[in-house]
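The values are calculated or read from the model by the stated rules, or taken from the named source; none is laboratory data. Small disclaimer: the values here were computed from a predicted structure and weren't measured. Cβ placement follows ideal geometry from the backbone for every residue including glycine, while neighbour counts extend to all protein chains displayed.
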Amino acid sequence: MEARRIWRERAPDRRIVPPTDRGWRLDYLLNPQRALDRDRDVAVDGAAFAAARSEIERWPDYQVTPLRRLFELEREFGLARVWYKDEAGRFGLGSFKALGGAYAVLGILQAVLADRLGRAVSAVELRSGGLARATADLVVATATDGNHGRSVAWGARLFGCQARIFMHQEVSQERADAVRALGATVVRVPGNYDDSVREAARRSAAEGWFVVSDTAYPGYLEVPRAIMAGYGLLADEAADGMAEEAPPSHLFVQAGCGGLAAALSARFRQRWAVNAPRLIVVEPSRADCVYQSARAGRPAPAKGDLDTVQAGLSCGEVSLVAWDELRLGAFAFARVDDAAAIAAMRRLATLQPPVIAGESAVAGLACLAAAMARPATAEAFGLTAATKVLLIGSEGAVDAASYRRLVGRPPAP
């Protein structure tokens, strides 16, 4: 396979494909640099993943989220297994993001208070309110399209500090209200997500607030690492749930800035080494920063206008920490149209029992469906009757109005 060769194919009609005359496009890029050796450098090491797991499992209302077998899709695609890690119920926040932002808030508060108090501070002290006076004046801030902001707001409430959540004008009122319900202050910003990122950074620098971003850039690496360490719990739960079987052969996972995909890549490689699944990283075609980085061989911005219904994946730049893992850990990089994502949402809603997935949860399934509808792509990805696929259902219907508009029915109770 020629390095960085790009494939573009049109899909014929299939059950999960929107009924249009032209179908929709799948682009993919195989990664010639993939290297799975367990010992190469990782942005998040095994000890950091283990520490995050140990802490998060002690949080109130912690439960392992379901690992579902989608039997109908196994038959439809002709695959041995299709597993779906369903994050819709994570801590009542509706997405996997609950694992990362809140864990990073804890780390920030522990570092600040250790400096102020001259001693180590435990998570138990913070959760119990024993240090409420010491944390009352501390403010964490972030920009968000919804889920990350909810996690940061929830973490601020859990550990006793304030939160300022910056949302651009296109973020729905329902998402803003969900953040306010957690006690955070929502700051509306004209423009798009990148504008809200800049405003959050500007205000935080002026006010002495602590930025909690999942995107790493030069000089800002530790907080994104902590967020990825939190995400690693998802990988551990999934691996534990499949303990009686061989590891999955393929992992399809959506990406915004790449943090989740990179965390899964690193953690599965640590657990399974060369038996780790082939990782296919999937983005919206209009928000393709990871894909463009793979194409360039270095971090590169998205070429699309970031205008996608998959709002949680609308990122213009890859996280540097994530890229360090994905450039060697991914098997392929892909991008799909919004129509494919909407079709995947609708298909999941028709399963028995239904699976309720938000618009930012299904790029991986959309890519899998597209690949199975194209023999050349299925062959390139190595998808056969023996294939075992893991999908990450990274969010539920976190915006009920949006879900109803896209799927044509309200989310199930």
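Computed values, structure above
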{"read-out": "Identity of the residue in the range 24-57, modelled with pLDDT of 95 or more and either at positive phi or of a type in the set (F, W, Y) (or both), that ends up surrounded by the most Cβ atoms within 10 Å (Cβ to Cβ)", "value": "Y28"}
{"read-out": "The range 318-336, subset buried (at least 24 other Cβ atoms within 10 Å of the Cβ) and charged (D, E, K, R), residue nearest to T144 (Cα to Cα)", "value": "R335"}
{"read-out": "Tabulated pairs, the range 244-256, first within 20 Å of A287 (Cβ to Cβ), second of a type in the set (D, E) and modelled with pLDDT of 95 or more, C-beta under 8 angstrom, 6+ apart or interchain", "value": "Q254/E283; A255/E283; G256/E283"}
{"read-out": "Positions within the range 58-92 being crowded, with 17+ Cβ neighbours inside 10 Å and β-branched (V, I, T), in sequence order", "value": "T65, V82"}
{"read-out": "Single match in V318, V290, V253, V282 (criterion: within 16 Å of the chain's Cα centre (by Cα), part of a loop (DSSP other than H, G, I, E, B), at pLDDT 95 or above and of a type in the set (V, I, T))", "value": "V318"}
{"read-out": "Residue in the range 332-342 that is part of a helix (DSSP H, G or I), among the β-branched types (V, I, T), over 15 Å from the mean Cα position of the chain (by Cα) and closer than 28 Å to Y403 by Cβ present", "value": "yes"}
{"read-out": "Filter result (of a type in the set (D, E) and without any contact (Cβ under 8 Å) to a residue 24 or more places away in the chain) within the range 171-195", "value": "D177"}
{"read-out": "Residue list for the range 258-289, restricted to those being touching an Asp or Glu at 6+ places or on another chain (Cβ under 6 Å) and closer than 21 Å to A143 by Cβ", "value": "G259, A262, R286, C289"}
